[in-house]
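For reference, the structure is listed below as structure tokens.
What follows draws every value from the coordinates through simple rules; no lab data is involved. Computed from a predicted structure; not experimentally measured. Reconstructed Cβ throughout: ideal geometry from the backbone, glycine too, with neighbour counts over all protein chains shown.
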Amino acid sequence: MADIRFTKEEKTILVKKITLYFSQELDQEIGQFDAEFLLDFFTDEVGPYFYNRGLE
């Protein structure tokens, strides 16, 4: 599958969005490290499916 990587600026924005989502929607606090780990997981495991669907 595709190798998907984000710039440092993009990753910062996405981590902030993840922490905000957890706070607002799940009423849970998530640290920056955990948010980065979750982002990396979705990027590696789910991202290629979105990438391939976008190519279709």
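Write out the trypsin sites (Lys or Arg not before Pro) in the stretch 1-50 meeting two conditions: DSSP loop, and at most 16 other Cβ atoms within 10 Å of their Cβ.
The qualifying sites are 5.
Using only Cα atoms and rounding to the nearest 10 degrees, what angle (0 to 90) does helix 8-25 make with the longest principal axis of the chain?
That works out to roughly 50 degrees.
On alpha carbon coordinates alone, what is the Rg over Rh value for the chain, Rh being the Kirkwood radius?
Reported Rg/Rh, Kirkwood definition of Rh: 1.03.
Using DSSP to call loops (not H, G, I, E or B), can you name the chymotrypsin sites (Phe, Trp or Tyr not before Pro) in the chain whose Cβ has at most 15 other Cβ atoms within 10 angstrom?
Sites meeting the loop and neighbour criteria: 6.
What does the charge dipole of the chain about its Cα centre add up to, to the nearest 20 debye, if the Cβ of each Lys and Arg holds +1 and the Cβ of each Asp and Glu holds -1?
Roughly 220 debye for the chain.
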